[in-house]
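Have a look at the structure below before the remarks.
Every number in this text was worked out from the coordinates using simple rules, so none of it is lab data. Model, not experiment: these values are computed from the prediction. Note that each Cβ is placed from the backbone with ideal geometry, even for glycine, and that neighbours are counted across all protein chains shown.
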Amino acid sequence: MHNMNQVKMLEFQQIGDERGHLVVVEGGDDIPFEIKRMFYIYGSDPDVIRGQHANRNSEFVLINVAGTSKVKIKDGEGNEMIICLNRPHTGVYLPTMVWKDMYDFSEDSVLLCLASTHYDAEEYIRDYDEFVRIINEE
Ligand code: TYD
């Protein structure tokens, strides 16, 4: 399965005036799914690696609404890409069944994650070898 080619950068419109900036993200419109869940990650040290999983059913959009971080995406077939999240009006769309590592968090990083599903621990694959096995079975 080559879901990694569905990864894409998203540019959201900045609505700015003398009062500052406003960015709107509407499910099914600005991003390719209806938003069922959001969570955000902050206070992670620069040497921490988060994520380290793939999801059978969940799609995500990640946006660094403050600060910066990186996400490394792997397809389980030897291909990988690294995305730098460094602007509050830019996101990355992550399809199902890609491996992701989030790292290089700046001290002020707030990483907003929008998800297409409610949380279900069962759909997380947290073992990389298992992920590779599943990818190769498909
Ligand atoms: P984890 O998946 O390790 O976070 P990340 O991949 O973003 O670094 O989640 C950390 C803990 O939080 C883990 O015990 C599961 C729990 N959790 C929820 O209960 N609901 C959620 O939506 C998420 C993302 C995590």
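Numbers for the structure displayed
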{"read-out": "With 5 Å bins from 0: P(r) over the chain, alpha-carbon pairs, percent", "value": "2, 10, 20, 22, 21, 15, 6, 3, 1, 1, 0"}
{"read-out": "Potential extension, Cys84-Asp29 segment - 0.36 nm per residue separation minus Cα distance", "value": "17.5 nm"}
{"read-out": "The chain - percent relative contact order, Cα under 8 Å, separation 6 or more", "value": "35 percent"}
{"read-out": "Cβ-based exposure ranking for Leu94, Leu114, in which fewest neighbours within 10 Å come first", "value": "Leu114, Leu94"}
{"read-out": "Estimated [θ] at 222 nm from DSSP helical runs (n ≥ 4, -39500 (n - 2.57)) normalised by residues in the chain, nearest 500", "value": "-2000 deg cm²/dmol"}
{"read-out": "Charge dipole magnitude, Cβ of K and R +1, D and E -1 - the chain, Cα centre, debye nearest 20", "value": "120 debye"}
{"read-out": "Two-site FRET efficiency, Ala66 against Arg19, from Cβ-Cβ distance with R₀ of 22 Å, rounded to 0.05", "value": "0.75"}
{"read-out": "Choice from Gly28, Gly16, Gly43 with maximal GNM fluctuation in the chain (Cα, 10 Å cutoff)", "value": "Gly16"}
{"read-out": "Karplus 3J(HN,Hα) series, Hz, for the range 36-41 with 6.51 cos²θ - 1.76 cosθ + 1.60 (x for Gly, Pro)", "value": "9, 7, 9, 8, 9, 10"}
{"read-out": "Cβ-based exposure ranking for Arg37, Arg19, in which fewest neighbours within 10 Å come first", "value": "Arg19, Arg37"}
{"read-out": "³J(HN,Hα), Karplus 6.51/-1.76/1.60, whole Hz, each residue of the range 23-28, x for Gly, Pro", "value": "10, 10, 10, 9, x, x"}
{"read-out": "Amide H partners (placed H, <5 Å) of Phe33, local residues excluded", "value": "Gly28"}
{"read-out": "For Ser116, residues with placed amide H under 5 Å, excluding near neighbours", "value": "Lys36, Glu59"}
{"read-out": "Using a Förster distance of 41 Å, the FRET efficiency for Glu138-Glu107 (Cβ separation, nearest 0.05)", "value": "0.55"}
{"read-out": "Inter-part distance where the range 49-67 and the range 1-44 are each reduced to a Cα centre, Å", "value": "12 Å"}
